[in-house]
Amino acid sequence: MSHTPSHFQVAGLASNFDWQAFLDQIATVQRAPINRLNAEKTRATAKLGALSTVATNLTTLQASANALAVDGLFGGRKAVSNTANSTWTPTAATDTAAGTYQFAVTQLATNSRRDGAADIAAGLSTTSDVSGVTLATMPTAVAVTAGTFTVAGQSVTVATSDSLQTIFDRIATATGSDVTAAYDAGTDKVTLTKVSAGELVLGAANDTSNFLQVMQLANNGTLTTTSSGALGTLRTTGALNAAGLRTAVTAVDGSGNGTFSVNGVAIAYNFTTESLTTVLKRITDSTAGVTASYDATADRVTLTNKSTGDLGVTVSETGAGLAAALGLVTGSALVRGKNATFTVNGGATLTSTSNTLTAAAHGITGLSVTANTVETQTIQVTSDTGTMRAAISKFLTDFNAVQTYIDSQTKITTDPTTKKVVASVLTDNREVQAWADTLRSTAFASVTGLSGAINRLEHLGIDFKSGTSELEIEDSAKLDAALASSPADVKAFFGTATTGLAAKLNTFITATTATGGSLPTQQNTLTAGNTSIDSQIADIQRRLDQQREVLTNAFIAMETAQSKFSQQAAQLTNSFFSTK
């Protein structure tokens, strides 16, 4: 293509003819087919959007219809206690026999536990000399606090840095040696003895130190009082070999590893690196089914069953290991739990290891009652009509959404101003209207082959709103009665395979919306049409662009020729008519 000076692309520069505007007018006229195609594509796109919404609404309706056929919906039960503000928890599974059940609980189930032997910790001192035992480091259940306490009416001052012997000396000094204190390493107890006549009185309302409480010393109306229990306790943190166990642990290997069993579950430990807290947590977290704890006041380990009932707790170990040192073998005692005892409707006394009374204990299939008080309550088991009704209401809402939308997209209206007939997006689509008709006829028809009294929606108090395509609950009492007294018949109406209302709707909607169905086929046709339109528009536009380029080049050539002619004319004029 020849190159033309750019100034000749300005229309009319030489010819005074606005050929650019002329080309624009031609293009406008020649774009008419494109405009018609774009309008056709716009209509098709609108139809695609409407069909997409129809498909969504149909799928939603299909889901809510299928939900009415789900096993358990119309067999759903709810259980409630007739006792006001009841703390019991009754539940009823699907198809539990409806009725009234009086549960009289006479005993709640409790947990069995194994109490280890007490006083498993070494004492405060190995001898009666406690001059080296400071209050701050004494392995007692509770730490001693600084302050004052009273003995025989006299105040004694305590600092946590004091030794136990220092406190004994202060007691003697404060009372003029009338009261003496001593520690017995054999029993791990402290004894206070009053010399003069009259009872020994301890404590005052304004004491600020807990020394007497920590030493487990209390008034008893005599001249002498002794700690009510051994004073030493275990150190729960730090290595077990430094925990202060009274009994030596020898059944471990050279690295300190040992093992014992709780309810047949092996519990491993390392005596030189692990703490008592770690081992107790390991027991609790194991599959032994117990909670392990240490009571510093009683100085004992207790294993409590996580499950209630009269069940055992066993501990076994070979040799002198940790379990023996913790008092869980020799000297431990099983405190048996209790089974729950109850009656149902005044029948024989029944038992349960759990306070959740299930069919295994009372024989009423599907009914479970968790009791936490000893009393009598009446449990009412009824159909869960609320859940059933909600599912039906959802179905009606989704059914009406399909009908309302199809009606809005296919109706013909008259413009009140122009009086012209106005068509909707899918007015000419008879197939879509037929879908709505099929849904209405299916919903209105009876379900054959049922033995119950319910085979039409109207038997549930449901019918079409007068003058519309929408369903509504016309008789709420009728629906509630059917759900309460005939849930099996309602289940059969909706849920019977192949012939039930849900199955028939599901079959139709699947055939309509699934791959190869009439709805996707319409969408595919419209989509293919839009693709074809895009191709046609592109072809037309390409031809128009080519034509404009040809005309543009021609006009530019005209401008160029015109310019040359004008220049030559001017030269001739100058040559013949110039004055000298």
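Applying the set (1) touching a residue at least 24 places away in the same chain (Cβ under 8 Å); (2) out of contact with any strand residue (DSSP E or B) (no Cβ under 7 Å at 6 or more places or on another chain); (3) not charged (D, E, K, R) to GLN25 leaves exactly one unmet item: (1). Evaluating VAL156 against the criteria (1) among the aliphatic types (A, V, I, L, M); (2) touching a Ser or Thr at 6+ places or on another chain (Cβ under 6 Å); (3) modelled with pLDDT of 95 or more leaves one unmet condition, (2). On the basis of being of a type in the set (Val, Ile, Thr) and at pLDDT below 95, does THR448 make the cut? Yes. With the structure loaded, tell me whether ALA98 is under 23 Å from SER486 (Cβ atoms), surrounded by 14 or more Cβ atoms within 10 Å (Cβ to Cβ), in contact with a Lys or Arg (Cβ under 8 Å, 6 or more places away or on another chain) and in the same structural domain as GLY346 (by TED's automatic domain parsing) or whether it fails that test. It is true that ALA98 is under 23 Å from SER486 (Cβ atoms), surrounded by 14 or more Cβ atoms within 10 Å (Cβ to Cβ), in contact with a Lys or Arg (Cβ under 8 Å, 6 or more places away or on another chain) and in the same structural domain as GLY346 (by TED's automatic domain parsing).
Yes/no per residue for (1) in contact with a Ser or Thr (Cβ under 7 Å, 6 or more places away or on another chain); (2) part of a helix (DSSP H, G or I); (3) not assigned by TED's automatic domain parsing to the domain that holds ARG43:
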position: ASN400; (1), (2), (3): no, yes, no
position: GLN403; (1), (2), (3): yes, yes, no
position: LYS419; (1), (2), (3): no, no, no
position: SER451; (1), (2), (3): no, no, no
position: THR468; (1), (2), (3): no, no, no
position: GLU472; (1), (2), (3): no, no, no
position: LEU479; (1), (2), (3): no, yes, no
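As a summary of the residue check, THR56 satisfies the conditions (1) surrounded by 15 or more Cβ atoms within 10 Å (Cβ to Cβ); (2) part of a helix (DSSP H, G or I) except for the one numbered (1). From the list ALA288, ALA268, the lone residue that is among the aliphatic types (A, V, I, L, M) and free of Cβ contacts under 8 Å to residues at least 24 places away in the same chain is ALA268.
Would you call ALA121 touching a Ser or Thr at 6+ places or on another chain (Cβ under 6 Å) and without any contact (Cβ under 8 Å) to a residue 12 or more places away in the chain? So ALA121 does not fit the description; no. Can you confirm whether ALA174 is surrounded by 15 or more Cβ atoms within 10 Å (Cβ to Cβ), in contact (Cβ under 8 Å) with a residue 12 or more places away in the chain, aliphatic (A, V, I, L, M) and more than 30 Å from ALA242 (Cα to Cα)? The answer is yes for ALA174.
Exactly one residue out of LEU350, LEU357 is in the same structural domain as ASP95 (by TED's automatic domain parsing), over 30 Å from THR272 (Cβ atoms) and crowded, with 19+ Cβ neighbours inside 10 Å, and it is LEU357. Just one of the numbered conditions (1) among the small types (Gly, Ala, Ser); (2) part of a loop (DSSP other than H, G, I, E, B); (3) within 43 Å of the chain's Cα centre (by Cα) is not true of GLY319: (3).
Yes/no per residue for (1) basic (Lys, Arg); (2) part of a loop (DSSP other than H, G, I, E, B); (3) at pLDDT below 95:
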residue	(1), (2), (3)
LEU217	no, yes, no
THR225	no, no, no
SER228	no, yes, yes
ARG235	yes, yes, yes
THR250	no, yes, no
ASP253	no, yes, no
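How many residues are more than 16 Å from VAL279 (Cβ to Cβ) and of a type in the set (Val, Ile, Thr) when one looks only at the stretch 234-260? Selection size over the stretch 234-260: 1. Among the conditions (1) surrounded by 17 or more Cβ atoms within 10 Å (Cβ to Cβ); (2) within 29 Å of THR397 (Cβ to Cβ), the only one that ILE556 does not satisfy is (2).
Would you check which residues across the stretch 361-406 are over 30 Å from LEU108 (Cα atoms) and hydroxyl-bearing (Ser, Thr, Tyr) and list them? Once the filter is applied, which keeps residues that are over 30 Å from LEU108 (Cα atoms) and hydroxyl-bearing (Ser, Thr, Tyr), the stretch 361-406 yields THR385, THR387, SER393, THR397, THR404, TYR405. Of the residues making up the stretch 375-386, at least one is part of a helix (DSSP H, G or I), polar (S, T, N, Q), surrounded by 18 or more Cβ atoms within 10 Å (Cβ to Cβ) and under 32 Å from the mean Cα position of the chain (by Cα). Selection of the stretch 293-316 for residues being under 19 Å from LEU280 (Cβ atoms), of a type in the set (D, E, K, R) and not in a strand (DSSP E or B) yields only ASP299. Within the stretch 274-292, the set of residues being surrounded by 14 or more Cβ atoms within 10 Å (Cβ to Cβ) and outside any helix (DSSP H, G or I) comprises GLU274, SER275, SER286, ALA288, GLY289, VAL290, THR291, ALA292.
I'd like to verify a number: residues in the stretch 219-273 that are hydrophobic (A, V, I, L, M, F, W, C), surrounded by fewer than 19 Cβ atoms within 10 Å (Cβ to Cβ) and out of contact with any Gly (no Cβ under 7 Å at 6 or more places or on another chain), how many?
Residues in the stretch 219-273 being hydrophobic (A, V, I, L, M, F, W, C), surrounded by fewer than 19 Cβ atoms within 10 Å (Cβ to Cβ) and out of contact with any Gly (no Cβ under 7 Å at 6 or more places or on another chain): 7 in total.
The values are calculated or read from the model by the stated rules, or taken from the named source; none is laboratory data. Only a predicted model underlies this, so the values are computations on that prediction, with no experimental measurement involved. Counting neighbours? That spans all protein chains shown, and the Cβs are built from the backbone with ideal geometry, glycine included.
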